[in-house]
Amino acid sequence: MIKRLPSTLFACGTLCMAAPDSPANTPAPSDTGAPRHGTITEKTPSIPQYFTWINNTNEGATEEQTLVNLRFFKWLHDEFGMRLGIYAFDAGAIDSQQYYGRMDSERFRKQFPDGFKEIAELARSFDCRLGMWGGPDGFGDMPQEEAARTEMLLSLCRDYGFQLFKFDSVCGQLRDHKQQAFMNTMTGCRQHAPDLVVLNHRLNLSEDAKRHVTTYLWEGAETYIDVHMINQGTATHNRAGALARGLPPGLGRLTEDCGVCLSSCLDFWEDDLVLQAFNRSLILAPELYGNPWLLRDDEFPKLARLFNLHFRNRGILVEGMTLPASYGKHAVARGDARTRFITLRNLGWNPIKINVRLGGEIGLTSKGRVELRQYHPSEQMLGTFEYGDSVPVTVDSFRACLLMATVKPCEEIGVIGCRYEIVRDTPDKPVKVKLLGSPGTTSKVKLHSGSRPFREARVNGRSIPGVLGEGVEISFPGTKADASPHRKLADLQPVPVPADAEALYEATCFTAPNDALEVQSLRRSGPSNITPVKEARDAFLNQALFWRRGIWDKYLFDRRDETFLSTFVYESDKRIAGGCLRVDLGTTLEADTFRIRTLHDPRNGKPIPAEMPAEIGTTLDKWHPVVFKPVEPATCQRIAVAEITKNGGQHELHDHDLRHWEAKVPEGTACRYLRLAPAPDRTAEVGLWRKGKQLEIPATSRATALFAPYDKARAELAWQAKVSLPSHPAPNSYLCVALNGEHGRSGAYAALRMDGQWIGAPQRAVSYPAVVFEYPPRSPSSNFTYFFPVTQEMHGRNIEVVVLGLEGCDPALKPEVWTTTYPHPYESLEMVLE
């Protein structure tokens, strides 16, 4: 892979994002109203798409990995009825960055030994077609080269049913004297695929050539959360910046918004998808990229439900209108005269009420009694109202809301009396519905099935025929929460820097992750019990160019010298003030020797230190010095490390020297924590020994390497508040410590103090510094929010919330602490209908 330039050279989009409040900075094509070649128009129903960027980068996908990914989408289709219209290869399959490829090249044959035949057949088995990333040129200088490039693109449409080309200036621009060749080729491709979608990513096309492309890239924005799209203020999650995106000029649909990235910071992904699919509803919608298999198993039904709702209503979602300011920012209603889909959003800390007028104001011009449903955040039958009635709807903090208002009978399954989620509504399979209610409450529920007859309803395995009739009382398990699940707890007040500031700082540095954002997503979602999900995860995480990047802390403990934890993102050193290797073993171990192995690049000329001073301890406030000294192995090993090259976005492997280090642990000194500053460039292994035997390191062990040592990050300011948590807080609760104002880059940290213990924040918006698969997280200088899960040990306890300001932090910073939940703290009962 070759280094991405810091301007606009990105395979999917650009590094910079327009501020959420700014107008779109990419104008619509001047010929938007002119006829385009092919059958795609502004009124063409949306096509659901996935593209592979961040599942692969510029080195490209492989046949094996593609087949695994397609089996994942086929499982979603077969199990939940989810329709994926296009599976698009991103950079590297044929073309790559500043590189035009060929399907008869050695590189292509290595990646796709059998070409696209089996891939196209598998996609076709669930009504999916293919797409391809590339450059607009590649026509060479000789007539035979132009003919070969043209025939290759024609063959993709003719022989494999491709429906989409994304032409990106990252590969290269279109030379002036090849504009006609481009137009001729697109005309030829559309003879085989009249519905071909051609995406224009910053191309220098002539006015005539523009008529051969379908879209332009709106705002030039990628949506990789915390990498290319970040929050502009404090919030309850990392996707608030994505939720703040506006609307394309004139609600135009022949543009592309890069879709929803499911790879990093997954919480609240469904709000992001609701706005992409139902609010903007562009020609490619719903649109995903990245690694959707990193979602939790219980989230795939919601993913399929949103896709299915959109697909079933795609014909009317092409018509949209913006709503009055009273509906909130960027509110839109889509549909026809009889049915409207309304998207609302709340970009503030407190819930808001919006009055929805069921009439012409939302585009509902056919009169009659109006059924109003909510489809997101949860599903709810809000009632049937008179035409013109105004209905108050609550939109939760930093969330989207999807409503449907209709004057015609609705055939979607619904439940009267409680909130619910449709888990599965697939032909020839029993329908599955989650009934949702607050813990410790009772509801009378009744099925609304439209014209569909059901003979049996089972709730949690027990037959309850009353659900099919007049309704039946059901009770939701659990204990009622002692307080509102979302509320402000306190404003933090300035205090002197506390005596335990170092322990508070270390708590977050040991708790926070520095490994790849995708690893963090996997950790968030936990293991999967679904075979296609597990296989897609394994195909991504086990590819050699993932582990050779050195982007997972578990590599320190796997007893494999070829894996390692790096401190570099490509050629850029990401250590703050030299960094500090911090290892938390998860428990206290008795050892007499600490051993580590490091990798050193012989090309950089850096001297190897004679020794490396470090510290160990069992708590974060008391440390014992140890010294790592080199140990000469019997043989010298070299380990291949993946590094970028300018050869078409590929990686090269460069050998690094493996060096062994050993520190003697003072007798009687136990160990849980290690800190070693500065952090080594790349650490391959960490191990403990006792009496000549290597100890088993717990699976809960963690490591970071990018945070500064405390002596280079001393606190100069502090804020504090004491909060009391209820004995029975809402399930899924977490604390949000919002740092409103300027604090400088990496200039403020939050931690908790409880009963003499220090608790760090495992997540932050914007994300912590990380070594990454694609590109590093942004590092803004203001408005961090730190997140702390509320654990069982915190129930009913007094907790001190502390913010430490480092050098450069503004004394006017206004920290505050909130409590909220995700997912919403409903208890659920499973209803099966047959």
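At-a-glance table
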item: Test result for V737, assigned to a loop (DSSP other than H, G, I, E, B), crowded, with 23+ Cβ neighbours inside 10 Å and out of contact with any Leu (no Cβ under 6 Å at 6 or more places or on another chain); result: no
item: Residue match in segment 88-111 (condition: within 27 Å of R312 (Cβ to Cβ), hydrophobic (A, V, I, L, M, F, W, C) and part of a loop (DSSP other than H, G, I, E, B)); result: no
item: Qualifying residue in segment 341-349 (condition: more than 21 Å from G241 (Cβ to Cβ), among the basic types (K, R) and touching a residue at least 40 places away in the same chain (Cβ under 8 Å)); result: no
item: Conditions (1) of a type in the set (D, E); (2) touching a helix residue (DSSP H, G or I) at 6+ places or on another chain (Cβ under 9 Å); (3) touching a residue at least 40 places away in the same chain (Cβ under 8 Å); (4) closer than 23 Å to R175 by Cβ; number of the one not met by E146; result: (3)
item: Hits in segment 380-408 (condition: among the charged types (D, E, K, R) and out of contact with any helix residue (DSSP H, G or I) (no Cβ under 9 Å at 6 or more places or on another chain)); result: E386, D389, D396, K408
item: Qualifying residue in segment 708-723 (condition: assigned to a loop (DSSP other than H, G, I, E, B), under 27 Å from S525 (Cα atoms) and of a type outside the set (K, R)); result: no
item: C189 being within 23 Å of K117 (Cα to Cα) and buried (at least 18 other Cβ atoms within 10 Å of the Cβ); result: yes
item: Unique match (being modelled with pLDDT of 95 or more, more than 19 Å from L806 (Cβ to Cβ) and not aliphatic (A, V, I, L, M)) among T669, T683; result: T683
item: Lone qualifier among Q757, Q720 - being without any contact (Cβ under 8 Å) to a residue 12 or more places away in the chain, of a type in the set (S, T, N, Q) and surrounded by fewer than 21 Cβ atoms within 10 Å (Cβ to Cβ); result: Q757
item: Conditions (1) open to solvent by 60 Å² or more (accessible area, probe 1.4 Å); (2) of a type outside the set (F, W, Y); (3) under 27 Å from the mean Cα position of the chain (by Cα); (4) modelled with pLDDT of 95 or more: number failed by L556; result: (1)
item: Flag if Y775 is assigned to a loop (DSSP other than H, G, I, E, B), of a type outside the set (V, I, T), crowded, with 18+ Cβ neighbours inside 10 Å and at pLDDT below 95; result: yes
item: Count of residues meeting criterion [within 16 Å of V771 (Cβ to Cβ), in a loop (DSSP other than H, G, I, E, B) and small (G, A, S)] in segment 667-696; result: 1
item: Meets criteria (surrounded by 22 or more Cβ atoms within 10 Å (Cβ to Cβ) and of a type in the set (A, V, I, L, M)) for L205; result: no
item: Scan of segment 257-300 for residues that are at positive phi, surrounded by 24 or more Cβ atoms within 10 Å (Cβ to Cβ) and among the hydrophobic types (A, V, I, L, M, F, W, C), ordered by number; result: C258, C265
item: Hits in segment 740-753 (condition: open to solvent by 10 Å² or more (accessible area, probe 1.4 Å) and either of a type outside the set (S, T, Y) or free of Cβ contacts under 8 Å to residues at least 60 places away in the same chain (or both)); result: N740, G741, E742, G744, R745, R753
item: Conditions (1) without any contact (Cβ under 8 Å) to a residue 12 or more places away in the chain; (2) farther than 23 Å from G81 by Cα; (3) of a type in the set (D, E); number of the one not met by D428; result: (2)
item: Residues of segment 296-321 classified as touching a helix residue (DSSP H, G or I) at 6+ places or on another chain (Cβ under 9 Å) and small (G, A, S), total; result: 2
item: Odd one out for G579, checked against (1) under 22 Å from I639 (Cα atoms); (2) open to solvent by less than 20 Å² (accessible area, probe 1.4 Å); result: (1)
item: Within segment 778-796, considering residues that are exposed (fewer than 15 other Cβ atoms within 10 Å of the Cβ) and within 15 Å of R753 (Cβ to Cβ), the one nearest to the chain's Cα centre (by Cα); result: T791
item: Residue match in segment 800-818 (condition: within 27 Å of the chain's Cα centre (by Cα), open to solvent by 10 Å² or more (accessible area, probe 1.4 Å) and either of a type in the set (G, A, S) or more than 18 Å from L504 (Cα to Cα) (or both)); result: yes
item: Any chance A503 is of a type in the set (A, V, I, L, M) and within 27 Å of the chain's Cα centre (by Cα); result: no
item: Any hit, segment 435-453, residues being out of contact with any strand residue (DSSP E or B) (no Cβ under 7 Å at 6 or more places or on another chain) and at positive phi; result: yes
item: Where a residue in segment 787-798 is in contact (Cβ under 8 Å) with a residue 12 or more places away in the chain and its partner, wherever it lies, is among the charged types (D, E, K, R) and open to solvent by less than 50 Å² (accessible area, probe 1.4 Å), with Cβ under 8 Å and at least six apart; result: F787/R764
item: Every pair of residues 6+ apart whose Cβ atoms lie under 6 Å, when the first sits in segment 65-76 and is hydroxyl-bearing (S, T, Y) while the second is assigned to a helix (DSSP H, G or I); result: T66/I119
item: V641, sole failed condition from (1) buried (at least 22 other Cβ atoms within 10 Å of the Cβ); (2) in a strand (DSSP E or B); (3) modelled with pLDDT of 95 or more; result: (3)
item: Scope segment 301-321; condition of a type in the set (K, R) and surrounded by fewer than 19 Cβ atoms within 10 Å (Cβ to Cβ); matching residues; result: R312
item: In segment 312-336, residue nearest to T255 (Cα to Cα) [restricted to those that are without any contact (Cβ under 8 Å) to a residue 60 or more places away in the chain and polar (S, T, N, Q)]; result: N313
item: Condition met for A181 (touching a residue at least 24 places away in the same chain (Cβ under 8 Å), more than 19 Å from I86 (Cα to Cα) and open to solvent by less than 20 Å² (accessible area, probe 1.4 Å)); result: yes
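This table checks each residue for (1) free of Cβ contacts under 8 Å to residues at least 24 places away in the same chain; (2) in contact with a strand residue (DSSP E or B) (Cβ under 7 Å, 6 or more places away or on another chain); (3) open to solvent by less than 10 Å² (accessible area, probe 1.4 Å).
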{"position": "E473", "(1), (2), (3)": "no, yes, no"}
{"position": "A483", "(1), (2), (3)": "no, no, no"}
{"position": "R487", "(1), (2), (3)": "no, yes, no"}
{"position": "D491", "(1), (2), (3)": "no, yes, no"}
{"position": "V495", "(1), (2), (3)": "no, yes, no"}
{"position": "P498", "(1), (2), (3)": "no, yes, no"}
{"position": "C509", "(1), (2), (3)": "no, yes, yes"}
{"position": "L522", "(1), (2), (3)": "no, no, no"}
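The values are calculated or read from the model by the stated rules, or taken from the named source; none is laboratory data. Remember, predicted model here, so these are calculated numbers, not experimental data. Quick reminder, even Gly has a Cβ in these numbers, built from the backbone with ideal geometry, and neighbours come from all protein chains shown. Side chains are part of the model used for accessible areas, which takes the heavy atoms of the whole protein and leaves out ligands, DNA and RNA. Shrake-Rupley method; radii C 1.70, N 1.55, O 1.52, S 1.80 Å.
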